[in-house]
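Enquirer: First the structure, which I've put down as structure tokens, then a few questions once you've had a look.
The values are calculated or read from the model by the stated rules, or taken from the named source; none is laboratory data. Just so it is clear, the structure is predicted and the values come from calculations on it, not from any experiment. Cβ: placed from backbone, ideal geometry, glycine included. Neighbour counts: every protein chain shown.
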Amino acid sequence: MTPMALPLTLLVLLVAGATAGPRVLGGPTPTFSARPRLGIAIWTASAAVWTLAFLALGPLLTWVFTGPGLPGRVGAICQRCLAAANPFLARSSMWTTDVPVFTMLLVPLSLAAWLITSATVRHVRSREHLRTHLHALDAVAEQRCLHGTLVWVVPTPDRSVYSLPTRRARIVISQGALDALSSDELAAVLSHERAHIEQRHHALLWALHSLKGVLGWVPLIAAAAPAVATYAEMAADDDARRASSTRALAGALLALHGPGPSPVLGAPALALHADATGTRWRALRLAAAPPPASRWGVALTASYLAAMTAAIALIGTPYATLALTGTC
């Protein structure tokens, strides 16, 4: 195997996953409608594994290239550590470059720091918006127990229902939605919102949107958040159907398909709406059982994720071993 075979193979896998991945996984079409939780898992794993493999490309290049390092004792230690982490290639077979080798580690480390910083900033801003929204709710909303669920009723004529990821998880419903829903439809909607809270869809979508904020130029990453949002609605629909009935859920979708949350309050970015995402596909799967996902597509995706995970482990293990044993 030539020195460049490993990084070239990983680069080909990265490009293939970034460009062909959304098409294999269905793109805007919810391929996994019959099993939405599987769709959530596959899309989330694909985005996470692709990102980790992209970050691993830099450390992999240090096994292929050699070049100038930092001066003095620090540079000597860095060179020794890089040599100790290289499990495959002898120094004589490495390619010489004028680019300092430590930059091949600095780039992925900088990107990882950017991802963490972006996610932290997004979290802080979302929480600030959420606190403001909660203060507004406390001022105007009335707490009621409906179908065994504590909800906050907002006295507005719009038809909206949404859940909030607070310490005491809240389900908010407008008076307009209450007036539009029958008792069975209301039970289905409340079950739907409870499913969002119990399955932690808010946290998952926050993470994917944070990733999209930095790597949104990658088609796979850009498509992951909206795809998972659609599957999250479908997964919550399944809980609602089991708790109530398909007829009640379909009636609720029709009743709520209209204006969104009241402009007086608005819904924060972390809210999940009962009628906000993928309404067409959700209605279609209620009308007729969706076909199962292509076995070929599932097998191809599983093989790709396995190959990428193996590459990440192969690259990361030597560096992790050095860090844990304190060899350097």
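Enquirer: Please go through segment 216-234 and give me each residue that is buried (at least 23 other Cβ atoms within 10 Å of the Cβ) and within 28 Å of residue 186 (Cβ to Cβ), ordered by number.
Expert: Residues satisfying the conditions are 228, 230, 231, 232, 233, 234.
Enquirer: Residues that are assigned to a helix (DSSP H, G or I) and modelled with pLDDT of 80 or more: does segment 269-279 have at least one?
Expert: no
Enquirer: Just to verify a result, which residue in segment 237-262, among those that are outside any helix (DSSP H, G or I) and more than 12 Å from residue 174 (Cβ to Cβ), is modelled with the lowest pLDDT? Walk me through how you get there before you give the answer.
Expert: First, the residues of segment 237-262 that are outside any helix (DSSP H, G or I): 244-245, 257-262.
Filter once more, so that each one left must be more than 12 Å from residue 174 (Cβ to Cβ): 244-245, 257.
Values: 244: 88, 245: 90, 257: 73.
Among residues in segment 237-262 that are outside any helix (DSSP H, G or I) and more than 12 Å from residue 174 (Cβ to Cβ), the one modelled with the lowest pLDDT is 257.
Enquirer: I need the strands (runs of 3 or more DSSP E) fully contained in segment 93-187, keeping only those with at least 1 residues that are of a type in the set (Phe, Trp, Tyr) and either surrounded by 12 or more Cβ atoms within 10 Å (Cβ to Cβ) or within 29 Å of the chain's Cα centre (by Cα) (or both).
Expert: Strands (runs of 3 or more DSSP E) meeting the threshold: 149-154, 161-164.
Enquirer: Moving on. For segment 157-174, how many residues meet the condition of being over 19 Å from residue 129 (Cα atoms) and touching a Ser or Thr at 6+ places or on another chain (Cβ under 6 Å)?
Expert: Number of matching residues: 2.
Enquirer: If you don't mind, another one. Working only within segment 18-52, note down all residues that are of a type in the set (Ser, Thr, Tyr), under 24 Å from residue 238 (Cα atoms) and either under 16 Å from the mean Cα position of the chain (by Cα) or part of a helix (DSSP H, G or I) (or both). Break it down stepwise before answering.
Expert: At the first step, the residues of segment 18-52 found to be of a type in the set (Ser, Thr, Tyr) are 19, 29, 31, 33, 44, 46, 51.
Now drop any that are not under 24 Å from residue 238 (Cα atoms), which leaves 29, 31, 33, 44, 46.
Within segment 18-52, 44, 46 meet the criteria.
Enquirer: Could you grab me the full set of residues in segment 236-252 that are crowded, with 22+ Cβ neighbours inside 10 Å and either under 17 Å from residue 162 (Cβ atoms) or among the acidic types (Asp, Glu) (or both)?
Expert: 236, 237, 240, 249, 252
Enquirer: If you don't mind, there's one more thing I want to ask. Is at least one residue of segment 75-88 buried (at least 19 other Cβ atoms within 10 Å of the Cβ), touching a Leu at 6+ places or on another chain (Cβ under 7 Å) and at pLDDT below 80?
Expert: yes
Enquirer: Please work out if residue 314 is at pLDDT 75 or above, farther than 23 Å from residue 23 by Cβ and over 25 Å from the mean Cα position of the chain (by Cα).
Expert: Against the criterion (at pLDDT 75 or above, farther than 23 Å from residue 23 by Cβ and over 25 Å from the mean Cα position of the chain (by Cα)), residue 314 does not qualify.
Enquirer: Shifting gears a bit: Name every residue in segment 188-206 that is in a helix (DSSP H, G or I) and of a type in the set (Lys, Arg), in order of residue number.
Expert: Across segment 188-206, the qualifying residue is only 194.
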